[in-house]
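Engineer: After the structure tokens below, expect a handful of questions from me.
The values are calculated or read from the model by the stated rules, or taken from the named source; none is laboratory data. Just so it is clear, the structure is predicted and the values come from calculations on it, not from any experiment. Cβ: placed from backbone, ideal geometry, glycine included. Neighbour counts: every protein chain shown. SASA here: full protein model, heavy atoms, side chains in, ligands and nucleic acids out. Shrake-Rupley method; radii C 1.70, N 1.55, O 1.52, S 1.80 Å.
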Amino acid sequence: MEEPEHLQSLNILELYALSIIAENQPGVLRDIAAVMAANGVNVVTVQQSIMPSGAHAGDALFYFEVECAGGIGRAIADLLAVPTVRHVSTNDTFSRIFGSRVIIIGGGAQVAQVALGAVNEADRHNIRGERISVDTIPLVGEKDLSEAVDAVARLPRASILVLAGSIMGGAITEAVERVRAAGIPVIALKMAGSVPKHADLVVTDPIQAGVFAVMHVSKRAVFDINRVRGQEF
């Protein structure tokens, strides 16, 4: 028998973001998670840090993105009843605020040029209601670069990686393969080393590489890296 319409609406999962300030002590995360589980709240994202300044300096800050049906009000009330919890607030999710992330890693001059193209292209899309953000870090050295590339697969909402440099290979190439295996496409500038042979796309102009990265991430652009994979521009 089909559920009544008002009951069907209660079963629709909605996404919420919660910021929770609590005492910094063992067991707090366990207590918060227990309350969420008791209210049928499924944790999608969790992040914990210690507040460095302000009125709550030294307290723990928990950021959760959760999904549940029927609203989040009761769960918030139960969270506020936990003795170690000081404050609970709701926010827009990071996907709503910052959206998909374009990650640019490599040498400072090349990273700056790729970022120039990416930021300008992202601005064009964000004005029209999308949310695309650009993250960069200039690095040198095979070890530091390979560790940074590997970390991209662990970054929330990372949608594409651009490698900008003069020469990359060895452990960096191995990290590129792991990132691609995680479903994140990789654009490389035309450079020395083995990385370009393992990237999804090779682009000579760094500004254009940034533009291509954003166009691939955009839901409105017509560019799709899957249709030109293995090519060089």
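Engineer: Does segment 180-187 contain at least one residue that is open to solvent by less than 10 Å² (accessible area, probe 1.4 Å), under 20 Å from Val211 (Cα atoms) and part of a strand (DSSP E or B)?
Structural biologist: Here is the first cut: in segment 180-187, the residues open to solvent by less than 10 Å² (accessible area, probe 1.4 Å) are 186-187.
Restricting the remaining residues to those that are under 20 Å from Val211 (Cα atoms) gives 186-187.
With the extra rule that they be part of a strand (DSSP E or B), the set shrinks to 186-187.
Yes, segment 180-187 contains a residue that is open to solvent by less than 10 Å² (accessible area, probe 1.4 Å), under 20 Å from Val211 (Cα atoms) and part of a strand (DSSP E or B).
Engineer: Looking at Ser19, is it within 19 Å of the chain's Cα centre (by Cα), modelled with pLDDT of 90 or more, in a strand (DSSP E or B) and not aliphatic (A, V, I, L, M)?
Structural biologist: Spelling it out, Ser19 is indeed within 19 Å of the chain's Cα centre (by Cα), modelled with pLDDT of 90 or more, in a strand (DSSP E or B) and not aliphatic (A, V, I, L, M).
Engineer: On to the next question. Restricting the first residue to segment 148-173 and requiring it to be polar (S, T, N, Q), which pairs with a second residue that is open to solvent by 30 Å² or more (accessible area, probe 1.4 Å) and assigned to a helix (DSSP H, G or I) meet a Cβ separation below 6 Å and a spacing of at least six or different chains?
Structural biologist: Pairs that qualify, where the first residue is polar (S, T, N, Q) and the partner is open to solvent by 30 Å² or more (accessible area, probe 1.4 Å) and assigned to a helix (DSSP H, G or I), are Thr173/His198.
Engineer: Follow-up. From Ala69, Ala38, which residue is exposed (fewer than 12 other Cβ atoms within 10 Å of the Cβ) and in contact (Cβ under 8 Å) with a residue 40 or more places away in the chain?
Structural biologist: On the way: Ala69 fails: exposed (fewer than 12 other Cβ atoms within 10 Å of the Cβ).
Step by step, each of Ala69, Ala38 is checked, and only Ala38 is exposed (fewer than 12 other Cβ atoms within 10 Å of the Cβ) and in contact (Cβ under 8 Å) with a residue 40 or more places away in the chain.
Engineer: Out of the residues in segment 75-113 that are modelled with pLDDT of 95 or more and of a type in the set (D, E, K, R), which is most open to solvent (accessible area, probe 1.4 Å)?
Structural biologist: Filtering segment 75-113 for residues that are modelled with pLDDT of 95 or more and of a type in the set (D, E, K, R), the one most open to solvent (accessible area, probe 1.4 Å) comes out as Arg86.
Engineer: Considering each of Val195, Val203, Val214 in turn, give the residue that is of a type in the set (A, V, I, L, M), surrounded by 18 or more Cβ atoms within 10 Å (Cβ to Cβ) and under 21 Å from the mean Cα position of the chain (by Cα).
Structural biologist: Working: Val195 fails: under 21 Å from the mean Cα position of the chain (by Cα); Val203 fails: under 21 Å from the mean Cα position of the chain (by Cα).
Only one candidate passes the filter, namely Val214.
Engineer: On to the next question. Being modelled with pLDDT under 95 and touching a strand residue (DSSP E or B) at 6+ places or on another chain (Cβ under 8 Å) is the requirement here; does Leu161 meet it?
Structural biologist: Here the answer is no, as Leu161 does not meet what is asked.
Engineer: Considering (1) farther than 16 Å from Ile207 by Cα; (2) not in a helix (DSSP H, G or I), say which one Thr136 fails and leave the rest.
Structural biologist: For Thr136, the exception is condition (1).
Engineer: Something else now. Taking only segment 126-157 into account, find how many residues are loosely packed, with under 13 Cβ neighbours inside 10 Å and touching a strand residue (DSSP E or B) at 6+ places or on another chain (Cβ under 9 Å).
Structural biologist: 2
Engineer: Still on this model: Of all residues in segment 114-125, how many are crowded, with 19+ Cβ neighbours inside 10 Å and either closer than 21 Å to Lys190 by Cβ or of a type in the set (Asp, Glu) (or both)?
Structural biologist: Qualifying residue count, segment 114-125: 5.
Engineer: Sticking with this structure for a sec: Is it the case, given these coordinates, that Ile187 is out of contact with any strand residue (DSSP E or B) (no Cβ under 9 Å at 6 or more places or on another chain) and not charged (D, E, K, R)?
Structural biologist: no
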